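Here the structure is laid out as C-alpha coordinates; the discussion comes afterwards.
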Amino acid sequence: MKRVPVSLGERSYEVLTGGGLDRAESAAAALRPFVENRHLVVVADAAVAELHAGRLDALLAAQGAAKVTRLTFPAGEASKTLGTLESLYHQAVAAKVDRRAVVAALGGGVTGDLAGFFAASFLRGLPFIQFPTTLLALVDSSVGGKVGVDLPEGKNLVGAFHQPKLVWGELEFLKTLPGREWRCGLGEIVKYGVILDSALFTKLESYTLESLQADTTELSAVVGRCCELKAEVVIQDEHETGLRAILNYGHTFGHAVEVLGGYSKYNHGEGVAIGMGMAADLAVDLGLCTADLPVRQDRLLRRLGLPTHCAGAEFASEAVLDKMGSDKKVLDGKLRLILPRKVGTVEIVAVSARPALLKAIRGRVA
Ligand SMILES: NC(=O)c1ccc[n+]([C@@H]2O[C@H](COP(=O)([O-])OP(=O)(O)OC[C@H]3O[C@@H](n4cnc5c(N)ncnc54)[C@H](O)[C@@H]3O)[C@@H](O)[C@H]2O)c1
Ligand SMILES: [Zn+2]
(Lines give C-alpha, C1' and ligand atoms only; values in the text may rest on other atoms or scores of the structure.)
(Ligands and ions follow the chains in the order given, each with its own letter.)
Protein backbone atom coordinates (compact mmCIF):
# COMPACT_ATOMS: atom_id res chain seq x y z
CA MET A 1 0.00 0.00 0.00
CA LYS A 2 1.18 3.51 -0.79
CA ARG A 3 0.19 6.50 1.37
CA VAL A 4 0.29 9.98 -0.14
CA PRO A 5 -0.29 12.84 2.31
CA VAL A 6 -2.24 15.88 1.14
CA SER A 7 -1.09 18.45 3.69
CA LEU A 8 -3.64 21.24 3.99
CA GLY A 9 -3.56 22.16 7.68
CA GLU A 10 -6.78 21.15 9.39
CA ARG A 11 -8.11 19.87 6.04
CA SER A 12 -5.20 17.40 5.61
CA TYR A 13 -5.89 13.85 4.52
CA GLU A 14 -4.27 10.82 2.97
CA VAL A 15 -4.58 9.03 -0.33
CA LEU A 16 -4.17 5.28 0.11
CA THR A 17 -3.52 3.22 -3.03
CA GLY A 18 -2.92 -0.45 -3.60
CA GLY A 19 -4.58 -3.76 -4.34
CA GLY A 20 -6.68 -5.30 -1.53
CA LEU A 21 -6.72 -2.33 0.88
CA ASP A 22 -9.56 -3.97 2.80
CA ARG A 23 -7.11 -6.73 3.77
CA ALA A 24 -4.53 -4.24 5.13
CA GLU A 25 -4.90 -3.44 8.83
CA SER A 26 -3.13 -0.07 8.50
CA ALA A 27 -5.63 1.01 5.81
CA ALA A 28 -8.55 -0.12 7.97
CA ALA A 29 -7.13 1.88 10.87
CA ALA A 30 -7.10 5.04 8.71
CA LEU A 31 -10.72 4.48 7.67
CA ARG A 32 -12.21 3.47 11.02
CA PRO A 33 -12.48 6.95 12.65
CA PHE A 34 -14.83 8.07 9.86
CA VAL A 35 -17.00 4.97 9.93
CA GLU A 36 -17.27 3.58 13.46
CA ASN A 37 -20.72 4.27 14.95
CA ARG A 38 -21.58 6.61 12.07
CA HIS A 39 -24.37 6.70 9.51
CA LEU A 40 -22.67 6.17 6.12
CA VAL A 41 -24.38 7.54 3.03
CA VAL A 42 -22.98 5.66 0.04
CA VAL A 43 -23.55 7.52 -3.24
CA ALA A 44 -22.94 5.47 -6.40
CA ASP A 45 -24.19 5.26 -9.95
CA ALA A 46 -26.41 2.24 -10.56
CA ALA A 47 -23.78 0.34 -12.55
CA VAL A 48 -21.04 0.75 -9.95
CA ALA A 49 -23.47 0.00 -7.10
CA GLU A 50 -24.33 -3.31 -8.77
CA LEU A 51 -20.64 -4.24 -9.18
CA HIS A 52 -18.95 -2.93 -6.05
CA ALA A 53 -21.35 -1.71 -3.35
CA GLY A 54 -21.37 -5.18 -1.77
CA ARG A 55 -17.62 -5.00 -1.18
CA LEU A 56 -17.94 -1.50 0.29
CA ASP A 57 -20.86 -2.58 2.53
CA ALA A 58 -18.71 -5.40 3.94
CA LEU A 59 -15.83 -2.99 4.52
CA LEU A 60 -18.06 -0.45 6.28
CA ALA A 61 -19.68 -3.16 8.42
CA ALA A 62 -16.22 -4.45 9.41
CA GLN A 63 -15.29 -0.92 10.52
CA GLY A 64 -18.37 -0.66 12.74
CA ALA A 65 -20.74 1.53 10.71
CA ALA A 66 -23.97 2.12 12.65
CA LYS A 67 -26.10 2.36 9.52
CA VAL A 68 -25.52 2.38 5.75
CA THR A 69 -27.87 4.15 3.32
CA ARG A 70 -27.29 3.76 -0.40
CA LEU A 71 -28.29 6.51 -2.83
CA THR A 72 -28.02 5.74 -6.54
CA PHE A 73 -28.47 7.56 -9.83
CA PRO A 74 -28.12 6.58 -13.52
CA ALA A 75 -24.49 6.20 -14.68
CA GLY A 76 -22.87 8.81 -16.92
CA GLU A 77 -21.93 12.49 -17.26
CA ALA A 78 -25.56 13.32 -18.13
CA SER A 79 -26.37 12.67 -14.45
CA LYS A 80 -23.91 15.28 -13.12
CA THR A 81 -26.69 17.86 -12.86
CA LEU A 82 -28.61 19.99 -10.38
CA GLY A 83 -31.58 17.66 -11.03
CA THR A 84 -29.70 14.58 -9.77
CA LEU A 85 -28.35 16.59 -6.84
CA GLU A 86 -31.90 17.59 -5.84
CA SER A 87 -33.01 13.98 -5.98
CA LEU A 88 -30.10 13.03 -3.67
CA TYR A 89 -31.21 15.74 -1.19
CA HIS A 90 -34.77 14.35 -1.16
CA GLN A 91 -33.56 10.75 -0.73
CA ALA A 92 -31.26 11.86 2.10
CA VAL A 93 -34.09 13.62 3.93
CA ALA A 94 -36.23 10.49 3.57
CA ALA A 95 -33.36 8.38 4.97
CA LYS A 96 -33.06 10.77 7.99
CA VAL A 97 -29.44 11.68 7.20
CA ASP A 98 -28.26 14.01 9.96
CA ARG A 99 -25.16 16.11 10.61
CA ARG A 100 -23.24 13.17 12.12
CA ALA A 101 -23.47 11.27 8.83
CA VAL A 102 -20.49 10.65 6.53
CA VAL A 103 -20.83 10.53 2.74
CA ALA A 104 -18.99 7.79 0.79
CA ALA A 105 -18.55 8.54 -2.92
CA LEU A 106 -18.19 5.14 -4.64
CA GLY A 107 -17.48 5.50 -8.35
CA GLY A 108 -15.79 7.48 -11.06
CA GLY A 109 -15.30 11.21 -11.39
CA VAL A 110 -18.98 11.85 -12.01
CA THR A 111 -19.90 10.26 -8.68
CA GLY A 112 -16.99 11.91 -6.84
CA ASP A 113 -17.90 15.37 -8.13
CA LEU A 114 -21.64 14.92 -7.55
CA ALA A 115 -21.44 13.16 -4.18
CA GLY A 116 -18.73 15.59 -3.08
CA PHE A 117 -20.95 18.57 -3.88
CA PHE A 118 -23.86 16.83 -2.18
CA ALA A 119 -21.60 16.44 0.88
CA ALA A 120 -20.44 20.06 0.66
CA SER A 121 -23.98 21.41 0.60
CA PHE A 122 -26.41 19.05 2.35
CA LEU A 123 -27.08 20.30 5.90
CA ARG A 124 -24.38 22.93 5.17
CA GLY A 125 -21.67 20.34 4.86
CA LEU A 126 -20.96 16.70 5.75
CA PRO A 127 -17.57 14.97 5.78
CA PHE A 128 -16.93 12.64 2.85
CA ILE A 129 -14.65 9.84 1.72
CA GLN A 130 -13.69 9.12 -1.86
CA PHE A 131 -13.76 5.49 -3.05
CA PRO A 132 -12.64 5.96 -6.67
CA THR A 133 -13.46 3.08 -9.03
CA THR A 134 -12.17 4.44 -12.37
CA LEU A 135 -8.54 5.05 -13.29
CA LEU A 136 -9.41 8.68 -14.00
CA ALA A 137 -10.89 9.16 -10.54
CA LEU A 138 -7.95 7.37 -8.90
CA VAL A 139 -5.29 9.56 -10.46
CA ASP A 140 -7.16 12.83 -10.66
CA SER A 141 -10.69 13.67 -9.61
CA SER A 142 -10.73 12.01 -6.17
CA VAL A 143 -7.79 14.10 -4.96
CA GLY A 144 -7.97 17.86 -4.44
CA GLY A 145 -11.49 18.67 -3.28
CA LYS A 146 -12.99 20.15 -6.42
CA VAL A 147 -16.63 19.08 -6.47
CA GLY A 148 -19.60 20.19 -8.51
CA VAL A 149 -22.09 19.66 -11.31
CA ASP A 150 -22.53 20.69 -14.95
CA LEU A 151 -25.04 23.11 -16.46
CA PRO A 152 -26.40 22.72 -20.00
CA GLU A 153 -24.16 25.72 -20.87
CA GLY A 154 -20.95 24.04 -19.77
CA LYS A 155 -19.16 21.61 -17.51
CA ASN A 156 -18.50 22.10 -13.80
CA LEU A 157 -20.06 25.58 -13.73
CA VAL A 158 -21.56 25.08 -10.25
CA GLY A 159 -19.46 23.71 -7.42
CA ALA A 160 -17.31 24.13 -4.35
CA PHE A 161 -14.00 23.19 -2.78
CA HIS A 162 -14.67 20.43 -0.27
CA GLN A 163 -11.74 18.18 0.62
CA PRO A 164 -12.41 14.52 1.40
CA LYS A 165 -11.32 13.05 4.75
CA LEU A 166 -9.65 10.10 3.01
CA VAL A 167 -9.17 8.70 -0.49
CA TRP A 168 -9.44 4.90 -0.59
CA GLY A 169 -7.65 4.03 -3.83
CA GLU A 170 -8.51 0.36 -4.20
CA LEU A 171 -6.93 -0.89 -7.44
CA GLU A 172 -9.04 -4.06 -7.42
CA PHE A 173 -12.11 -1.98 -8.34
CA LEU A 174 -10.47 -1.54 -11.75
CA LYS A 175 -10.84 -5.23 -12.58
CA THR A 176 -14.33 -4.58 -13.96
CA LEU A 177 -13.50 -1.30 -15.71
CA PRO A 178 -14.17 -1.31 -19.49
CA GLY A 179 -11.20 -0.69 -21.83
CA ARG A 180 -12.52 2.70 -22.94
CA GLU A 181 -12.53 3.92 -19.33
CA TRP A 182 -8.97 2.67 -18.82
CA ARG A 183 -7.87 4.70 -21.83
CA CYS A 184 -9.72 7.70 -20.48
CA GLY A 185 -7.67 7.56 -17.26
CA LEU A 186 -4.50 7.16 -19.26
CA GLY A 187 -5.30 10.49 -20.96
CA GLU A 188 -5.01 12.22 -17.57
CA ILE A 189 -1.85 10.25 -16.75
CA VAL A 190 -0.19 11.46 -19.97
CA LYS A 191 -1.27 14.97 -18.93
CA TYR A 192 0.76 14.68 -15.69
CA GLY A 193 3.80 13.65 -17.72
CA VAL A 194 3.56 16.67 -20.02
CA ILE A 195 2.87 19.26 -17.32
CA LEU A 196 5.18 18.10 -14.54
CA ASP A 197 7.18 14.94 -15.00
CA SER A 198 9.22 14.11 -18.08
CA ALA A 199 10.50 10.88 -16.43
CA LEU A 200 6.90 9.69 -16.04
CA PHE A 201 6.23 10.58 -19.70
CA THR A 202 9.29 8.59 -20.82
CA LYS A 203 8.25 5.64 -18.66
CA LEU A 204 4.78 5.70 -20.22
CA GLU A 205 6.36 5.48 -23.68
CA SER A 206 7.41 1.92 -22.84
CA TYR A 207 3.91 0.79 -21.76
CA THR A 208 0.78 -0.32 -23.50
CA LEU A 209 -2.68 -0.47 -21.96
CA GLU A 210 -2.40 -4.25 -21.75
CA SER A 211 1.01 -4.21 -20.06
CA LEU A 212 -0.25 -1.82 -17.37
CA GLN A 213 -3.42 -3.83 -16.79
CA ALA A 214 -1.36 -6.97 -16.33
CA ASP A 215 1.20 -5.53 -13.90
CA THR A 216 -0.29 -4.31 -10.61
CA THR A 217 3.12 -3.25 -9.30
CA GLU A 218 3.75 -0.93 -12.26
CA LEU A 219 0.17 0.31 -12.21
CA SER A 220 0.47 1.01 -8.51
CA ALA A 221 3.67 2.99 -9.07
CA VAL A 222 2.11 5.08 -11.86
CA VAL A 223 -1.11 5.75 -9.92
CA GLY A 224 0.85 6.62 -6.79
CA ARG A 225 3.11 9.03 -8.73
CA CYS A 226 0.12 10.81 -10.25
CA CYS A 227 -1.49 11.19 -6.81
CA GLU A 228 1.79 12.63 -5.49
CA LEU A 229 1.96 15.14 -8.34
CA LYS A 230 -1.65 16.16 -7.86
CA ALA A 231 -1.14 16.46 -4.10
CA GLU A 232 1.96 18.66 -4.58
CA VAL A 233 0.01 21.04 -6.80
CA VAL A 234 -3.06 21.13 -4.55
CA ILE A 235 -0.92 21.76 -1.44
CA GLN A 236 0.63 24.81 -3.13
CA ASP A 237 -2.59 26.21 -4.57
CA GLU A 238 -5.70 24.65 -3.05
CA HIS A 239 -8.18 27.16 -4.48
CA GLU A 240 -6.66 27.53 -7.94
CA THR A 241 -5.46 31.10 -7.76
CA GLY A 242 -2.44 30.23 -9.92
CA LEU A 243 -0.39 27.05 -10.22
CA ARG A 244 -3.31 24.59 -9.92
CA ALA A 245 -4.55 25.75 -13.32
CA ILE A 246 -1.77 23.69 -14.94
CA LEU A 247 -3.88 20.60 -14.22
CA ASN A 248 -6.26 21.96 -16.84
CA TYR A 249 -3.80 21.29 -19.67
CA GLY A 250 -5.91 20.22 -22.66
CA HIS A 251 -9.11 20.77 -20.70
CA THR A 252 -10.42 24.08 -22.08
CA PHE A 253 -10.24 22.72 -25.63
CA GLY A 254 -11.31 19.28 -24.40
CA HIS A 255 -14.39 20.51 -22.51
CA ALA A 256 -15.61 22.22 -25.67
CA VAL A 257 -15.18 18.96 -27.60
CA GLU A 258 -17.03 17.06 -24.86
CA VAL A 259 -19.94 19.52 -24.82
CA LEU A 260 -20.28 19.74 -28.62
CA GLY A 261 -20.26 15.95 -28.80
CA GLY A 262 -23.23 15.93 -26.42
CA TYR A 263 -21.06 14.38 -23.66
CA SER A 264 -21.40 11.03 -25.40
CA LYS A 265 -19.25 11.07 -28.54
CA TYR A 266 -16.07 11.71 -26.55
CA ASN A 267 -15.72 11.04 -22.85
CA HIS A 268 -13.63 13.23 -20.55
CA GLY A 269 -10.26 11.56 -21.09
CA GLU A 270 -10.77 11.43 -24.84
CA GLY A 271 -11.72 15.12 -24.91
CA VAL A 272 -8.59 15.90 -22.89
CA ALA A 273 -6.42 13.86 -25.30
CA ILE A 274 -7.78 15.79 -28.29
CA GLY A 275 -7.51 19.07 -26.35
CA MET A 276 -3.85 18.40 -25.49
CA GLY A 277 -3.22 18.01 -29.22
CA MET A 278 -4.82 21.40 -29.92
CA ALA A 279 -2.89 23.04 -27.07
CA ALA A 280 0.42 21.55 -28.19
CA ASP A 281 -0.12 22.65 -31.81
CA LEU A 282 -0.97 26.15 -30.59
CA ALA A 283 2.20 26.21 -28.47
CA VAL A 284 4.26 25.36 -31.54
CA ASP A 285 2.50 28.05 -33.57
CA LEU A 286 3.17 30.66 -30.85
CA GLY A 287 6.83 29.67 -30.72
CA LEU A 288 6.64 28.28 -27.16
CA CYS A 289 7.84 24.78 -27.99
CA THR A 290 9.31 22.81 -30.86
CA ALA A 291 7.27 20.77 -33.32
CA ASP A 292 8.49 17.44 -31.96
CA LEU A 293 6.42 17.86 -28.78
CA PRO A 294 2.98 17.31 -30.38
CA VAL A 295 4.48 14.52 -32.50
CA ARG A 296 5.78 12.70 -29.42
CA GLN A 297 2.60 13.36 -27.47
CA ASP A 298 0.44 12.06 -30.36
CA ARG A 299 2.57 8.92 -30.63
CA LEU A 300 2.14 8.16 -26.93
CA LEU A 301 -1.59 8.90 -26.90
CA ARG A 302 -2.16 6.65 -29.94
CA ARG A 303 -0.04 3.90 -28.41
CA LEU A 304 -2.33 3.98 -25.38
CA GLY A 305 -5.43 3.88 -27.61
CA LEU A 306 -6.53 7.53 -27.29
CA PRO A 307 -7.79 9.84 -30.05
CA THR A 308 -5.67 12.80 -31.13
CA HIS A 309 -8.28 14.28 -33.50
CA CYS A 310 -12.06 14.63 -33.42
CA ALA A 311 -14.41 14.04 -36.31
CA GLY A 312 -17.82 15.49 -37.11
CA ALA A 313 -19.56 18.58 -38.45
CA GLU A 314 -20.34 19.70 -34.88
CA PHE A 315 -16.65 20.48 -34.29
CA ALA A 316 -16.39 23.49 -36.62
CA SER A 317 -13.51 25.59 -35.27
CA GLU A 318 -15.74 28.65 -34.62
CA ALA A 319 -18.14 26.50 -32.61
CA VAL A 320 -15.32 24.98 -30.54
CA LEU A 321 -13.81 28.41 -29.83
CA ASP A 322 -17.22 29.79 -28.93
CA LYS A 323 -17.75 26.97 -26.40
CA MET A 324 -14.27 27.59 -24.97
CA GLY A 325 -15.42 31.14 -24.25
CA SER A 326 -18.04 29.85 -21.80
CA ASP A 327 -15.44 27.83 -19.90
CA LYS A 328 -14.41 29.21 -16.49
CA LYS A 329 -10.90 29.97 -17.71
CA VAL A 330 -11.76 33.27 -19.43
CA LEU A 331 -10.37 36.40 -17.78
CA ASP A 332 -10.75 39.94 -19.20
CA GLY A 333 -11.81 38.51 -22.56
CA LYS A 334 -8.62 36.46 -22.92
CA LEU A 335 -8.46 32.68 -22.73
CA ARG A 336 -6.01 31.50 -20.10
CA LEU A 337 -4.53 28.37 -21.58
CA ILE A 338 -1.95 25.91 -20.34
CA LEU A 339 0.65 25.51 -23.07
CA PRO A 340 3.71 23.25 -23.09
CA ARG A 341 7.30 24.53 -23.24
CA LYS A 342 8.79 21.04 -23.30
CA VAL A 343 7.76 17.67 -21.93
CA GLY A 344 7.49 18.20 -18.15
CA THR A 345 7.10 22.00 -18.27
CA VAL A 346 4.06 24.13 -19.07
CA GLU A 347 3.13 27.79 -18.85
CA ILE A 348 -0.13 29.63 -18.19
CA VAL A 349 -0.61 31.92 -21.20
CA ALA A 350 -3.33 34.50 -21.86
CA VAL A 351 -4.21 34.05 -25.53
CA SER A 352 -6.34 36.42 -27.60
CA ALA A 353 -4.99 35.61 -31.08
CA ARG A 354 -8.19 34.31 -32.66
CA PRO A 355 -6.65 33.14 -35.96
CA ALA A 356 -4.02 31.06 -34.14
CA LEU A 357 -6.68 29.50 -31.90
CA LEU A 358 -8.91 28.65 -34.86
CA LYS A 359 -5.95 27.15 -36.73
CA ALA A 360 -4.98 24.94 -33.78
CA ILE A 361 -8.56 23.67 -33.50
CA ARG A 362 -9.01 23.16 -37.26
CA GLY A 363 -5.84 21.08 -37.44
CA ARG A 364 -7.31 18.58 -35.00
CA VAL A 365 -10.69 18.09 -36.67
CA ALA A 366 -10.59 15.21 -39.11
N1 LIG B 1 -12.95 17.10 -9.46
C2 LIG B 1 -11.89 17.04 -10.22
O3 LIG B 1 -10.81 17.51 -9.85
C4 LIG B 1 -11.98 16.34 -11.53
C5 LIG B 1 -10.81 16.02 -12.24
C6 LIG B 1 -10.93 15.30 -13.41
C7 LIG B 1 -12.19 14.91 -13.86
N8 LIG B 1 -13.30 15.25 -13.17
C9 LIG B 1 -14.63 14.85 -13.62
O10 LIG B 1 -14.68 13.43 -13.65
C11 LIG B 1 -15.68 13.02 -14.57
C12 LIG B 1 -15.18 11.87 -15.40
O13 LIG B 1 -14.89 10.81 -14.54
P14 LIG B 1 -15.00 9.29 -15.02
O15 LIG B 1 -14.38 9.16 -16.34
O16 LIG B 1 -14.49 8.48 -13.90
O17 LIG B 1 -16.57 9.12 -15.26
P18 LIG B 1 -17.75 8.27 -14.60
O19 LIG B 1 -17.83 8.46 -13.15
O20 LIG B 1 -18.97 8.54 -15.39
O21 LIG B 1 -17.33 6.75 -14.90
C22 LIG B 1 -17.26 6.32 -16.22
C23 LIG B 1 -18.13 5.06 -16.43
O24 LIG B 1 -17.49 3.94 -15.84
C25 LIG B 1 -18.40 3.20 -15.04
N26 LIG B 1 -17.60 2.62 -13.95
C27 LIG B 1 -17.01 3.28 -12.94
N28 LIG B 1 -16.25 2.45 -12.22
C29 LIG B 1 -16.37 1.23 -12.78
C30 LIG B 1 -15.80 -0.04 -12.51
N31 LIG B 1 -14.91 -0.20 -11.53
N32 LIG B 1 -16.16 -1.08 -13.30
C33 LIG B 1 -17.02 -0.91 -14.33
N34 LIG B 1 -17.56 0.27 -14.66
C35 LIG B 1 -17.24 1.33 -13.89
C36 LIG B 1 -19.43 4.20 -14.61
O37 LIG B 1 -20.65 3.57 -14.31
C38 LIG B 1 -19.52 5.10 -15.84
O39 LIG B 1 -20.42 4.55 -16.77
C40 LIG B 1 -16.03 14.26 -15.38
O41 LIG B 1 -17.30 14.72 -14.96
C42 LIG B 1 -14.96 15.26 -15.02
O43 LIG B 1 -15.40 16.59 -15.09
C44 LIG B 1 -13.21 15.95 -12.02
ZN1 LIG C 1 -9.63 15.99 -16.30
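The values are calculated or read from the model by the stated rules, or taken from the named source; none is laboratory data. Every value quoted in this text rests on a predicted model; they were computed, and no experiment measured them. Virtual Cβ from ideal backbone geometry, glycine too; neighbours counted across all protein chains shown. For accessibility, only protein heavy atoms count, side chains too; no ligands or nucleic acids. Shrake-Rupley method; radii C 1.70, N 1.55, O 1.52, S 1.80 Å.
Structural remarks
- Above-threshold pairs, the threshold being 25 Å between Cα atoms, out of LYS80/LYS165; LYS230/LYS359; LYS96/LYS165; LYS203/LYS265; LYS165/LYS323; LYS2/LYS175: LYS230/LYS359; LYS203/LYS265; LYS165/LYS323
- For region 2-176, the antiparallel share of DSSP beta bridges with both residues in that region comes to about 30%.
- Only one residue of LEU106, ALA30, LEU301 has its Cα farthest out toward the positive end of the dipole of the chain, where Lys and Arg carry +1 and Asp and Glu -1 on Cβ, and that residue is ALA30.
- Accessible area of THR290 in the full protein assembly, 1.4 Å probe (Å², nearest 10): 90 Å²
- Three-way shape call for region 95-181 based on the alpha-carbon gyration tensor, with the a/c threshold at 1.5: oblate
- Packing rank of 128-141, 225-238, where each peptide gets the mean count of other beta carbons within 10 Å, highest leading: 128-141, 225-238
- The mean accessible area for residues of region 2-176, using a 1.4 Å probe and ignoring ligands and nucleic acids, is 38 Å² per residue.
- From phi via Karplus (6.51, -1.76, 1.60), per-residue ³J(HN,Hα) for region 12-17 in Hz, x at Gly/Pro: 5, 7, 10, 9, 9, 9
- Debye, to nearest 20: dipole size of region 1-136, +1 on Lys, Arg Cβ, -1 on Asp, Glu Cβ: 320 debye
- Nonlocal amide H pairs with GLY107, under 5 Å, H built at 1.01 Å: PHE131, THR133
- Evaluated with a Cβ-only charge set (Lys, Arg +1; Asp, Glu -1), the chain carries a dipole of roughly 240 debye about its Cα centre, given to the nearest 20.
- Value of [θ]222 nm, deg cm²/dmol, for the chain, DSSP H segments ≥ 4, -39500 (n - 2.57) each, nearest 500: -13500 deg cm²/dmol
- For peptides 18-31, 46-59, sequence by mean Cβ density within 10 Å, most packed first: 46-59, 18-31
- For the chain, the longest principal axis of the alpha carbon atoms and the long axis of helix 251-260 meet at an angle near 80°.
- Rounded to 5, percent antiparallel among DSSP beta bridges of the chain: 45 percent
- The portion of the accessible surface of region 131-226 made up by carbon and sulfur, rounded to a whole percent, is 54 (1.4 Å probe; DNA, RNA and ligands excluded).
- Rounded if a/c under 1.5, otherwise prolate or oblate - region 257-334, Cα gyration tensor axes: oblate
- Relative to the longest principal axis of the Cα atoms of the chain, the long axis of helix 82-94 makes an angle of roughly 10 degrees.
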